[in-house]
Structures are given as structure tokens and as C-alpha cells.
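The values are calculated or read from the model by the stated rules, or taken from the named source; none is laboratory data. Quick caveat, the model's predicted, so the values are computed rather than measured. For neighbour counting, all protein chains shown are included, and Cβ atoms are generated from backbone atoms with ideal geometry for every residue, glycine included.
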Amino acid sequence: MFEKIKSIHKEIEQLSAKNIEDIELLRIKYLSKKGIITELFNDFKNVTQEERKEVGKLLNELKNSLQEKINILKNSFENSQESDKSELDLTLPANFIMGGSRHPLSVTRSKIVEIFSRIGFTVAEGPEIEDDWHNFSALNFPEEHPARDMQDTFFINKNPDIALRTHTSSVQIRVMETEKPPIRKLFPGRVYRNEAISSRSHCFFHQVEGLYIDKDVSFADLKQALLYFAKEMFGADTKIRLRPSYFPFTEPSAEMDISCFLCEGKGCPFCKYTGWVEILGCGMVDPEVLKNCNIDSKIYSGYAFGMGIERITNLKYRVKDIRMFSENDIRFLKQFQSAV
Ligand code: PHE
């Protein structure tokens with residue numbers, strides 16, 4: 001028995017393992033039910049009374065030293081694994097972290113604001129829930145006048161009329177009521193109209209409105225500012241065309257087209273073979289509107305223009321379905337990652 005214990009001791013000192021499975025095999029070999037050490041313990045009952053104390057001690061020592069050996073092997077193995085892990089492989093391709101991107105409508109709005117800021121325009125905002133005065137009456141939409149039907153309205157309250165604003169022209173009034181000319185402001189924001197949702201129209205969309213009030217502001221100033229904008233937004237070769245139109249709050253009023261940038265004005269399916277695409281409404285602020293805001297129309301005049309941000313974005317990026325802008329489809333939004 002003494003001899004046996006001694007030789008196993010030696011054996012244990014020499015034990016080695018290549019991997020974690022080897023260690024498990026060692027444990028089974030020595031300590032499982034039929035393991036070498038377990039069997040020695042079983043033989044213990046045959047040991048004579050005199051030797052018992054000594055043998056018992058040696059057996060316990062043997063078991064402990066095996067356990068220790070196994071722990072040492074395990075530790076060294078785990079440490080070496082860890083140091084393997086910490087060895088960085090700098091040749092591995094990096095994990096690509098997808099950055100966020102701005103919404104295409106924000107990209108367009110910022111671009112419009114940036115272009116006009118270069119000629120002195122600053123931004124102002126107003127509420128999306130408006131009263132009748134700011135959305136209609138002050139803008140020269142007479143009560144019961146069919147012009148109000150130009151924009152199907154979501155009413156929140158009737159008498160007094162409270163509605164979701166149908167255009168950003170309401171902010172014109174708010175600014176003219178509180179500020180003195182010269183006024184050179186842009187009003188970007190969301191507007192609402194009770195329209196059937198389709199690929200071409202939505203019940204809410206976004207506009208940027210511009211307003212310039214000062215002494216001696218003329219239609220020529222308006223035209224020049226818009227020509228500058230069109231060239232900056234769509235390219236230096238862009239031409240503009242103004243067609244007579246009607247808005248209750250401007251007189252004269254016009255709609256502006258730009259030369260089709262796909263066919264350069266020659267005519268294509270995009271511009272319906274006209275060579276032109278419409279982008280905004282504009283005009284000289286009606287003296288009646290100035291009067292409503294206590295601005296003396298004998299001293300001051302001004303121009304205003306308004307455009308749909310969705311429309312400008314569609315033209316710039318050829319988005320065919322306006323609903324894409326509000327669906328939050330990441331596959332759509334991802335495409336604008338490089339747009340600034
Ligand atoms: N408010 C008009 C619209 O929503 C656009 C416009 C603004 C026209 C300013 C003329 C002047 O259609």
C-alpha cells in the first residue's frame with residue numbers, strides 16, 4: 001500500500017494535459033467511482049489497525065495533491081487561453097458600426113435654410129395648431145370664400161375655428177404682428193391637409209416659407225432671390241420661369257418652374273415633355289395683409305414664397321412615393337447616409 005501510494009504520487013507530479021478535455025480525463029482516471037485513488041480508498045478497509053492512521057493520512061495527502069495538480073493544470077490552461085484572446089489580430093476586418101443619418105427631409109430643409117441664410121434670411125417658427133385669423137383671415141381669405149377650399153382643413157374646433165395649419169403662411173402673420181420691418185425670415189415647418197393619402201399626396205407634409213418686407217421691395221427682387229435659390233439648389237445651369245397664379249395673400253402671385261434638370265429643358269417623361277417642373281408659389285405681399293399686421297403699406301412692400309420640402313426632395317433624389325418619407329423604413333433612410 002505504501003509503495004502504491006508513493007508511485008501514484010510520482011505519477012501525479014508528472015501529469016500534463018494538452019487541453020481541457022485531457023484534464024477531465026485525468027479527473028476520471030483518478031477520482032471517478034472506479035478511479036485509481038477512489039479504489040485505494042476502497043482498499044482502506046483492508047489496512048491493518050496499526051497502519052490505518054498513517055495510510056489514511058497519506059491517502060488524503062495523495063487526493064489533495066491530485067486535486068491541486070488538476071487545479072494548476074486548469075489554471076495554466078485558462079490563463080494561456082486568455083492570453084491567446086488578448087493577442088489582438090489587427091489584420092481582421094473591423095466590425096462596421098452603422099452610423100445614424102439625417103432624414104432626407106431634414107437634409108433638404110437645412111439646405112434651403114443654408115442657401116437663403118447666405119442672403120440674410122433667418123429662421124422663425126410658429127405653432128402647428130392655429131386659429132382662423134393666422135391661417136386664413138389675416139392672409140386675406142374672406143370668410144365663406146371659395147379660396148378656403150383650396151386647402152382642405154383639419155378642424156379641431158368650430159366657432160372659434162381652431163385647425164391644424166394648412167400652410168406655413170400663418171407664421172408670416174405671427175412674425176409681422178410682432179416684428180418691425182425690415183423682416184427677412186424663413187419659416188420651415190409641418191403642415192396638414194385633409195387629403196387622401198397616395199404616392200403623390202399626404203395628409204401632412206412640410207413647407208419652407210420665405211418673407212421679405214422692407215422699403216422698395218419689388219418683384220425684381222423676388223425674381224432674383226428665387227433665381228439664386230434655384231441655381232444653388234439644382235445647379236448653375238438651372239433656369240426659372242414664373243407663371244401667373246392666384247393666392248389670396250399675394251398680389252401679383254406666381255408659380256415658379258425650373259428647367260427640367262433631367263432633359264435640360266428638351267422635354268422628357270419626367271417633365272411631361274414640357275421642359276419645366278413646378279417647384280413653388282410666390283408673389284408680392286398683398287397690402288391688405290400688411291394692413292392686417294399694422295404695417296404701413298405706403299412705406300413698406302414685400303415678397304413671399306412657399307415651397308414643399310417633399311417636392312424639392314423628390315426632385316433632387318427622385319423619390320417616387322411621398323409615403324416613404326414617413327414610413328421609417330430603414331432601407332430607404334439608409335440611402336441618404338452620405339447626403340448632407
Ligand atoms: N402658402 C402657399 C401654399 O401653401 C404657398 C405660398 C406661400 C404662395 C407664399 C405664395 C406666397 O400653397
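Kindly list, by first and then second residue, each pair from a residue in region 328-340 that is at pLDDT 85 or above to a residue that is surrounded by 11 or more Cβ atoms within 10 Å (Cβ to Cβ), limited to pairs with Cβ atoms under 6 Å and residues at least 6 apart or on different chains.
Short answer, once both residue conditions are applied: Phe332/Met324; Phe336/Ser101; Phe336/Pro104.
Does any residue in region 118-142 that is under 19 Å from Pro188 (Cα atoms) come within less than 7 Å, Cβ to Cβ, of a residue that is among the polar types (S, T, N, Q) and assigned to a helix (DSSP H, G or I) six or more places away or on a different chain, and which pairs are these?
Taking only residues 6 or more apart or on different chains, the pairs are Gly126/Ser170; Glu130/Ser170; His134/Ser170; Asn135/Ser170; Leu139/Ser169.
Within region 288-309, can you find the residues that are without any contact (Cβ under 8 Å) to a residue 12 or more places away in the chain and either within 13 Å of Pro181 (Cβ to Cβ) or within 16 Å of the ligand (Cβ to nearest atom) (or both)?
In the first step, residues of region 288-309 are kept if they are without any contact (Cβ under 8 Å) to a residue 12 or more places away in the chain; the result is 291, 296-298.
The answer is Asp296, Ser297, Lys298.
For region 191-230, name all the residues that are within 17 Å of Glu251 (Cβ to Cβ), surrounded by fewer than 16 Cβ atoms within 10 Å (Cβ to Cβ) and aliphatic (A, V, I, L, M).
Result: Ala220, single match.
Mind checking which residues of region 146-183 are assigned to a loop (DSSP other than H, G, I, E, B) and either away from the ligand (no atom under 13 Å from the Cβ) or over 14 Å from Phe136 (Cβ atoms) (or both)? I'd like the intermediate steps shown before the answer.
So in region 146-183, the residues assigned to a loop (DSSP other than H, G, I, E, B) come out as 151-154, 158-161, 165-168, 179-182.
Matches in region 146-183: Phe154, Lys158, Asn159, Pro160, Asp161, Glu179, Lys180, Pro181, Pro182.
Say whether the condition of being within 22 Å of His206 (Cβ to Cβ) and free of Cβ contacts under 8 Å to residues at least 12 places away in the same chain is met by at least one residue in region 255-268.
Applying the first criterion (within 22 Å of His206 (Cβ to Cβ)) to region 255-268 yields 255-258, 261.
Now restrict to residues that are free of Cβ contacts under 8 Å to residues at least 12 places away in the same chain: none.
Checked region 255-268: no residue is within 22 Å of His206 (Cβ to Cβ) and free of Cβ contacts under 8 Å to residues at least 12 places away in the same chain.
Evaluate region 97-118: report whether one residue or more is exposed (fewer than 13 other Cβ atoms within 10 Å of the Cβ) and closer than 29 Å to Lys298 by Cβ.
The answer is no; no qualifying residue exists.
Any residue in region 228-239 that is within 14 Å of the ligand (Cβ to nearest atom), at pLDDT 95 or above and not in a loop (DSSP other than H, G, I, E, B)?
Here is the first cut: in region 228-239, the ones within 14 Å of the ligand (Cβ to nearest atom) are 229.
Filter again for at pLDDT 95 or above, leaving 229.
Add one more test, that the residue is not in a loop (DSSP other than H, G, I, E, B), and what stays is 229.
Among the residues of region 228-239, at least one is within 14 Å of the ligand (Cβ to nearest atom), at pLDDT 95 or above and not in a loop (DSSP other than H, G, I, E, B), which makes the answer yes.
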